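Visitor: Below you will find the structure I want to go over with you.
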Amino acid sequence: MDIASFAGILRTIAILILIYYAAKFLLRLFAPMILQQVAKKAEQNFYQQQQYNQQQYNKSQQERNTNQQHKVKSDKKYNDNKKVGEYIDFEEID
């Protein structure tokens, strides 16, 4: 069974502290660049989604306009050919 020496424990603690501070320094150095890339990607995704939604809205508007024009045309045809009944002229009786 090996017994840990006091120097070995101190060396391990020192290495852990150095790794902690090195990671902290590197994170502060590279975090702005990483966050900038994340923000750019989010902006691109938002822009693409906005364009897709705008295209879908334009398509639905065109379909509505086409449907309304078709409906108006079909309503006119229906109203022109529709016979409601005979016209009866009523006279007043005294």
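The values are calculated or read from the model by the stated rules, or taken from the named source; none is laboratory data. Just so it is clear, the structure is predicted and the values come from calculations on it, not from any experiment.
Visitor: Would you point out the residue of the stretch 2-25, among those that are among the small types (Gly, Ala, Ser) and within 56 Å of the chain's Cα centre (by Cα), that is modelled with the lowest pLDDT? Don't jump to the end; show me each part of the working.
Guide: As a first pass, look at the stretch 2-25 and keep what is among the small types (Gly, Ala, Ser): 4-5, 7-8, 14, 22-23.
Those still in the list that are within 56 Å of the chain's Cα centre (by Cα) too: 8, 14, 22-23.
Details: GLY8: 91, ALA14: 97, ALA22: 97, ALA23: 96.
Looking at the filtered set, the residue picked out is GLY8.
Visitor: Does the stretch 60-78 contain at least one residue that is in a helix (DSSP H, G or I), at pLDDT 90 or above and polar (S, T, N, Q)?
Guide: No, the stretch 60-78 contains no residue that is in a helix (DSSP H, G or I), at pLDDT 90 or above and polar (S, T, N, Q).
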